[in-house]
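K.L.:
Below is a structure I'd like to ask you about.
The values are calculated or read from the model by the stated rules, or taken from the named source; none is laboratory data. Please read all numbers here as calculations on a predicted model, not as lab measurements. Glycine gets a Cβ as well: all are built from the backbone with ideal geometry, and neighbour counts include every protein chain shown.
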Amino acid sequence: MSTMMTQSMHTTPFHQFHIDHGAKMVPFAGWEMPLHYGSIMDEHRQVRSSGGLFDVSHMGRLRFAGKDACRFLDRVCTRQIHGMESGQARYSIVCNQSGGCHDDVLVYCIDDAEYLMVCNASNRAKLLEHFATVKNDDTFQLKDQTESTAMIAIQGPKVIDLFKSVSSEIPKLKRYRFTTKSVLFQKFFISRTGYTGEDGVEVIFPAGIASKAVKMLIKQMGGDDATIKPAGLGARDTLRLEAGMALYGHEITEDIDPISAGLNFAVKLNKGEDNQEIPRFIGQDALQKIAADGPKRQLTGLVLTGKRSARQDMIVVHDGRDVGVVTSGCFSPTLEKPIAMAYIDAALISNGGQVQVNLGSTLVDAAITALPFYKAK
């Protein structure tokens, strides 16, 4: 790792932890982050079979507070925020006027006048600028807490049992719920969402106690039979791809709408129509038209023959014509097959069947497959 890269990149509060555990550090969205600690494949399988610890402190954490915080979030989010209960989290999209995606986010309701939004690291500055532009006369305070806090994700089938010793409440949390706990005289924000296809928790806490917090977890790591081991961005990507989860810059962009991406559950198309106190969201008119007309291309899964993986922007072909484009691809450690997500002509998806992916030097057969590729038992 060059000194120049270290100086030009943000580092998370766990940077020394990554170095001490032999991580291969890479630049990612302006941050120096661990790609892996030796083997992406091993880390992927560790999460699927037991548990993995991910540093996700690079993700944006924005706090909204004030009497119009809820109304403002309803105006910028496709999901309805009004009516959320304290301790509830919702996945949503922040759209532009044409229905494309500024970002996908998680919104946490602390109470009816205070919310936390977690966004992608690459889009934090863009969202802050967007929110300032569309704020109008709404009365609320927006505080960027990204660098004053740390965030980890602990994912895997054995993770929840470990938290029984911390709190009897955490194992009882429902999906997309959160709670707060006082540990080391500091407030810990613990949620149960996830981005790997496995169960687990995400924990947000003050950056100043990050090293102490890691030492509390280190007891579960360090040996060959450890329940939880550190995992990097490489495994996080292959895990989310198996789970069919969208990644910004791949499955969703400023030019790709959430309806085409199959994220209809995160879009309330009739927001504000049955309650005038709830504003319509930015991009709602455009998404209503896309939904009514039907998207021309839709996101779907592909399972390729052979061992070679498809990559972003590779062309999907059917009967000699271009019918789509790959957005993400990898060799699935769980399925032991190459898998990909791609936008393909909607009519072809409904009929199912076979297509081909142009890998550059050859065309490889691929089966159109419903998402997700993997679902935890």
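K.L.:
Give the number of residues within the range 136-165 that are closer than 22 Å to Ser86 by Cα and surrounded by fewer than 16 Cβ atoms within 10 Å (Cβ to Cβ).
P.N.:
5
K.L.:
May I pose another question? Being in contact with a strand residue (DSSP E or B) (Cβ under 7 Å, 6 or more places away or on another chain), under 22 Å from Met41 (Cβ atoms) and of a type in the set (A, V, I, L, M) narrows it down to one of Ala367, Ala340, so name that one.
P.N.:
The match here is Ala340.
K.L.:
Do the conditions hold for Ala125, that is, is it at negative phi, buried (at least 16 other Cβ atoms within 10 Å of the Cβ) and among the small types (Gly, Ala, Ser)?
P.N.:
No.
K.L.:
Restricting to the range 153-169, count the residues that are modelled with pLDDT of 90 or more and among the aliphatic types (A, V, I, L, M).
P.N.:
4
K.L.:
Show me the strands (runs of 3 or more DSSP E) found entirely inside the range 277-336 where at least 1 residues are farther than 30 Å from Ala235 by Cβ.
P.N.:
315-318, 321-332
K.L.:
Across the range 91-104, what is the number of residues that are in contact with a helix residue (DSSP H, G or I) (Cβ under 8 Å, 6 or more places away or on another chain) and either of a type outside the set (S, T, N, Q) or crowded, with 21+ Cβ neighbours inside 10 Å (or both)?
P.N.:
Residues in the range 91-104 being in contact with a helix residue (DSSP H, G or I) (Cβ under 8 Å, 6 or more places away or on another chain) and either of a type outside the set (S, T, N, Q) or crowded, with 21+ Cβ neighbours inside 10 Å (or both): 9 in total.
K.L.:
If you scan the range 136-146, which residues turn out to be touching a helix residue (DSSP H, G or I) at 6+ places or on another chain (Cβ under 7 Å) and either within 13 Å of Thr12 (Cα to Cα) or not hydrophobic (A, V, I, L, M, F, W, C) (or both)?
P.N.:
Scanning the range 136-146 gives Asp138, Asp144, Thr146.
K.L.:
Need pairs with beta-carbon distance below 6 Å; first residue not assigned by TED's automatic domain parsing to the domain that holds Ser86 and within the range 160-178, second at pLDDT 85 or above and of a type in the set (Gly, Ala, Ser); sequence gap 6+ or separate chains.
P.N.:
Sorted first by the residue in the range 160-178, then by its partner, the pairs are Tyr176/Ala89; Arg177/Gly87; Phe178/Gly87; Phe178/Ala89; Phe178/Ser191.
K.L.:
Identify all residues within the range 182-203 that are part of a strand (DSSP E or B) and surrounded by 16 or more Cβ atoms within 10 Å (Cβ to Cβ); write none if there are none.
P.N.:
Val183, Phe188, Phe189, Ile190, Ser191, Gly200, Val201, Glu202, Val203 - these are the residues of the range 182-203 that are part of a strand (DSSP E or B) and surrounded by 16 or more Cβ atoms within 10 Å (Cβ to Cβ).
K.L.:
Something else about it: Between a first residue in the range 281-298 that is on the phi > 0 side of the Ramachandran plot and a second residue that is outside any helix (DSSP H, G or I), which pairs have beta carbons less than 7 Å apart while being 6 or more apart in sequence or on different chains?
P.N.:
Between residues of the range 281-298 that are on the phi > 0 side of the Ramachandran plot and residues that are outside any helix (DSSP H, G or I), the close pairs are Gly283/Cys95; Gly283/Asn96; Gly283/Gln97; Gly283/Ser98; Gly283/Gly99.
K.L.:
Please state which of the following conditions Thr179 fails to meet, knowing it meets all the rest: (1) surrounded by fewer than 18 Cβ atoms within 10 Å (Cβ to Cβ); (2) among the hydroxyl-bearing types (Ser, Thr, Tyr); (3) more than 22 Å from Leu62 (Cα to Cα).
P.N.:
All conditions are met except number (3).
Matching residues to (1) free of Cβ contacts under 8 Å to residues at least 60 places away in the same chain; (2) surrounded by 15 or more Cβ atoms within 10 Å (Cβ to Cβ); (3) out of contact with any His (no Cβ under 6 Å at 6 or more places or on another chain):
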position	(1), (2), (3)
Leu302	no, yes, yes
Val323	yes, yes, yes
Ile349	yes, yes, yes
Val355	yes, yes, no
Asp365	no, no, yes
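K.L.:
Take Leu184 and tell me if it is out of contact with any Leu (no Cβ under 8 Å at 6 or more places or on another chain), in the same structural domain as Ser39 (by TED's automatic domain parsing) and not polar (S, T, N, Q).
P.N.:
So Leu184 passes the test.
K.L.:
Considering the range 102-128 alone, what residues qualify as being touching a Leu at 6+ places or on another chain (Cβ under 9 Å) and either aliphatic (A, V, I, L, M) or over 18 Å from Gln145 (Cβ atoms) (or both)?
P.N.:
His102, Asp104, Val105, Leu106, Val107, Ile110, Leu116, Met117, Val118, Leu127, Leu128 - these are the residues of the range 102-128 that are touching a Leu at 6+ places or on another chain (Cβ under 9 Å) and either aliphatic (A, V, I, L, M) or over 18 Å from Gln145 (Cβ atoms) (or both).
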